[in-house]
Amino acid sequence: MSEVLVFTQPREVGFESLQDRRLESGEIRVRTLYSGISAGTELTAYRGTNPYLSRHWDPQYRLFRSSDSPSQPYPLSGWGYEEVGEVNEVNKEVTSLKPGDIVYGTWGHRTHHILREEYASQRIKPEGLDPILAIYSHLGPIALNGILDANIHIGETVAVFGLGVVGQVISQLARLSGARVVGVDRIEKRLQLARDLGAIENGFNPEEGSPAERIKAMTNGRGADLTFEASGNASALHEAVRATAYSSRVVALGFYQGQAQGLSLGEEFHHNRISIVCSQISNVDPALSYRWDRLRLIHTIMDLQRQGSLNLRPLITHIIPFRQAARAFQILDETPEQALQIVLDFSEQ
């Protein structure tokens, strides 16, 4: 038997037992070791604000439509998209994997899962990398995809609004790209962590004055050459637009919920010819698609960690047993200042 996490209704977490089946040709079974929780998209499912819960997504027209049958009604089973596991069974026809191998990927918060050999063989943990760091196979590529969308140049000033997990990774990647990085967040612990890791040179708290005005002042009125908005807050997006140089761009990675209250498009957005670019992990910039895909994003993040160029272990603030997942989600939902990356530990399962 295996167990899977279920959102039974908004802000309620349960578990469902599933009967294990026999492996078929080309399949392996993994025992989950760690599973990372997304404090962005996943919390929208936990809270009940995700549009899939109230509207129907039409994949042909790529539109959300009003409907009495939403695309994903409660209960929601198996959410979670950054897992690490140990291979504990392989079909006799499998040749590229063996029991004991450590693989990573997306299979949800569950104790066991069956993967295709083709999928898992492309996601074997690099030698020397701490297994827990392989959880960054999703949030890491989200951040890297944003970097590709930004097209940073050496010597530019980059502002990162929102220093959650994605914002922290973006800050480190932007520094690796040769940028001078400024961080913005209301949580002082996050600003200090980014400073300690050498990811940002300056950090601004909106509680202490307008970050946009301070960024303009430090750049002699020009503003940030590129700005990332990674908090999913519409007011932060507005301030990010204000902070950005004339005729430049804001890369928006946040999953904005509801109406964009606080975003005034008739002000700096209009007068400064600012472009707002949506960066979303379902695809890469079409201009880069001949060279970049999801797998290359994933492998790049793993390699940068293995080489020591990315330092993501300090972002993991909590490791919580799988059966206490409700507490993990409650921390992220109610006291976000206490946590960054929370990881579910399956060692007792």
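Here is how the numbers come out for the structure above:
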| read-out | value |
| --- | --- |
| FRET efficiency for residue 121 and residue 259, using Cβ-Cβ distance with R0 set to 45 Å, rounded to 0.05 | 0.50 |
| Calculated log10 I(q)/I(0) by the Debye sum over Cα atoms at q = 0.10, 0.15 Å⁻¹ (choose from (1) -0.53, -1.12; (2) -0.63, -1.35; (3) -0.71, -1.23), label | (2) |
| Distance between modelled label sites at residue 52 and residue 220, nm, 7 Å Cα→Cβ extension | 4.9 nm |
| Euclidean distance between Cα centres, the range 97-114 to the range 308-349, Å | 19 Å |
| Lys/Arg +1, Asp/Glu -1 at C-beta; the range 168-297 dipole; positive extreme among 171, 290, 232 | 290 |
| Share antiparallel - DSSP beta bridges, the chain, percent rounded to 5 | 55 percent |
| Estimated vicinal HN-Hα couplings, Hz - the range 221-228 in sequence order (Karplus 6.51, -1.76, 1.60; Gly, Pro = x) | x, 6, x, 5, 5, 9, 10, 10 |
| Relative contact order of the range 42-184, defined on C-alpha pairs under 8 angstrom at six or more residues apart (%) | 15 percent |
| Surface share of carbon and sulfur [accessible, 1.4 angstrom probe, percent] for the chain | 45 percent |
| Built amide H within the under 5 Å cut-off of residue 89, gap 5+ | 29 |
| Pair residue 151, residue 327: separation of 7 Å Cα→Cβ label points (nm) | 4.9 nm |
| Near-label residues of the range 277-301 by backbone N, under 16 Å of a point 7 Å along Cα→Cβ of residue 106 | 279-285, 293-301 |
| ³J(HN,Hα) computed for each position of the range 297-302 - Karplus, 6.51 cos²θ - 1.76 cosθ + 1.60, integer Hz, glycine/proline x | 4, 4, 4, 5, 4, 5 |
| Residue-by-residue Karplus 3J(HN,Hα) for the range 5-20, coefficients 6.51, -1.76, 1.60, Hz, glycine and proline x | 6, 9, 8, 6, 6, x, 6, 10, 10, x, 9, 10, 8, 10, 6, 6 |
| Distance between modelled label sites at residue 68 and residue 267, nm, 7 Å Cα→Cβ extension | 4.4 nm |
| Cut-off 15 Å, label 7 Å out along Cα→Cβ of residue 91, residues of the range 4-46 by amide N | 21-30 |
| Positive minus negative residues near residue 306 (Lys, Arg vs Asp, Glu; Cβ under 15 Å) | 0 |
| Distant-in-sequence amide H partners of residue 180 (H built 1.01 Å from N, under 5 Å) | 155, 156, 157, 158 |
| Ordering of 195-208, 38-51 by packing [mean C-beta count within 10 Å, highest first] | 38-51, 195-208 |
| Long-range HN-HN contacts of residue 251 with modeled amide H, under 5 Å | 227, 228, 229, 277 |
| 1.4 Å probe accessible area per residue over the chain, in Å² | 47 Å² |
| Relative contact order, percent, the chain [alpha-carbon distance under 8 Å, six or more residues apart] | 16 percent |
| For peptides 158-167, 83-92, 290-299, sequence by mean Cβ density within 10 Å, most packed first | 158-167, 83-92, 290-299 |
| Heavy-atom SASA rank of 57, 107 (probe 1.4 Å, accessible area, largest first) | 57, 107 |
| The chain, dipole about Cα centre (Lys/Arg Cβ +1, Asp/Glu Cβ -1), debye to the nearest 20 | 420 debye |
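The values are calculated or read from the model by the stated rules, or taken from the named source; none is laboratory data. No experiment lies behind these values; they were computed from the predicted model shown. All Cβ positions, even for glycine, are placed from backbone atoms using ideal geometry, and neighbour counts span all protein chains on display. These area figures cover heavy atoms from the full protein model, side chains too; ligands, DNA and RNA do not enter into them. Shrake-Rupley method; radii C 1.70, N 1.55, O 1.52, S 1.80 Å.
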